[in-house]
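The values are calculated or read from the model by the stated rules, or taken from the named source; none is laboratory data. Keep in mind the model is a prediction, meaning the values are calculated, not measured. Heads up, the Cβs are rebuilt from the backbone with ideal geometry, glycines too, and the neighbour counts pull from every protein chain shown. Keep in mind that these areas ignore ligands, DNA and RNA; they rest on the heavy atoms of the full protein, side chains included. Shrake-Rupley method; radii C 1.70, N 1.55, O 1.52, S 1.80 Å.
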Amino acid sequence: MKNLIGITFLTIIASSLIIACNGGNRSGDITQLQTIEDSVTENIADVIRGRIIEDTVIGHWTIKATKDSNDIVVGRHDWEVKDSSVFLTISYDRNIVYSDKEIRTKDVVGTEGEYIMQWGGEVFWVSDSAIYLSFGCFLPDTDDGWNMLYQILNDGTSNIIVLEYEMGVDGNSYIADFMALYLNERAAGTSSSDLKRLYEQYCSKELAEELYAALLPIVPDDADFRHAYKTIQIEPQDGFTGLPLEKYSFEVKFKPYHNDDNVTDILYMEVDGTTNKIIKIDSGERKVI
């Protein structure tokens, strides 16, 4: 309210000065004053429309995300709550990708009126090929819902990536996040330098160097990377490996080819709980039914 009062006061002063200096040219004064007021109004509307989630420049990307309530009400006989939308304005090398694009709960989970958008629009990962925004849609006042990434390519193409977290399983989230980004970055045709940055973020220094040198193939180059992720299963193996308590072992299964679900590839991965880094990836085996 203080800002609005200040703006109005300054506008009145500006109006008085223009009239005082220019005498009887009132039609020109009114036109100039109206232009000033319209500009101020537009700027105010831009600032107060919802809550700013992101407003940043990262690499090739310029991202602005705001969140505001929408017309959907989720509730029962004893309570109700309004759902929210996220509005995205994104450019890539100054070329507009989205201009105030509205993302609603139905756009990420398929329906609306049951789940509410608890968060959305935060930058999760950025590469030259794509940007990944985090979204979370849940039943009101519960942990029952969906953690998702909204992948946006520089041509405006988007993909929904559901993050498969196992609650209470140590080390699981690091495997889940890494595989989600790795497979979907490969699908987007990411550069080797961006893959290196991904390895360094999630893996130990030694493992990152091996992966970057292509000494450890994670997924075959001819795989359908999106299909591989859509079919991924991450299962903890602790209790069977005899590893120390701070080491967590996982079996990761996926189907590499969309036209042949008889083929399943298996990876064995370990997380060091003291560093929260992946320290081992073994290409286990390929099963053909």
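Descriptive notes on the structure:
- Pair list, Cβ < 6 Å and 6+ apart or interchain, from region 191-210 residues that are more than 18 Å from residue 171 (Cβ to Cβ) to residues that are open to solvent by 90 Å² or more (accessible area, probe 1.4 Å): 196/212
- Only one of 110, 75 that is in the same structural domain as residue 149 (by the TED database), of a type in the set (Gly, Ala, Ser), modelled with pLDDT of 90 or more and within 30 Å of residue 139 (Cα to Cα): 110
- Filter result (closer than 21 Å to residue 165 by Cβ, open to solvent by 30 Å² or more (accessible area, probe 1.4 Å) and of a type in the set (Phe, Trp, Tyr)) within region 243-289: 248, 268
- Close Cβ contacts (under 6 Å, 6 or more residues apart or on different chains) running from residues in region 214-238 that are over 14 Å from residue 260 (Cα atoms) to residues that are open to solvent by 60 Å² or more (accessible area, probe 1.4 Å) comprise 216/210.
- Considering region 219-230, and only residues there that are open to solvent by less than 50 Å² (accessible area, probe 1.4 Å) and part of a helix (DSSP H, G or I), the residue that is nearest to residue 171 (Cα to Cα) turns out to be 229.
- Annotation note: of 123, 108, the sole residue that is outside any strand (DSSP E or B), hydrophobic (A, V, I, L, M, F, W, C) and either out of contact with any Asp or Glu (no Cβ under 7 Å at 6 or more places or on another chain) or touching a residue at least 12 places away in the same chain (Cβ under 8 Å) (or both) is 108.
- Complete set of residues in region 147-159 that are within 13 Å of the chain's Cα centre (by Cα) and not small (Gly, Ala, Ser): 147, 148, 149, 150, 151, 152, 153, 159
- Residues satisfying the criterion are absent from region 204-213 (criterion: at pLDDT below 90 and either touching a Gly at 6+ places or on another chain (Cβ under 6 Å) or of a type in the set (D, E, K, R) (or both)).
- Members of region 260-289 that are outside any strand (DSSP E or B) and touching an Asp or Glu at 6+ places or on another chain (Cβ under 8 Å): 273, 274
- If only residues of region 95-129 that are within 16 Å of the chain's Cα centre (by Cα), among the polar types (S, T, N, Q) and within 20 Å of residue 146 (Cβ to Cβ) are counted, the one that is most open to solvent (accessible area, probe 1.4 Å) is 118.
- Leading residue by the ranking (surrounded by the fewest Cβ atoms within 10 Å (Cβ to Cβ)) among those in region 176-218 that are assigned to a loop (DSSP other than H, G, I, E, B) and touching an Asp or Glu at 6+ places or on another chain (Cβ under 9 Å): 215
- Count of region 130-139 residues which are in a loop (DSSP other than H, G, I, E, B) and open to solvent by less than 20 Å² (accessible area, probe 1.4 Å): 0
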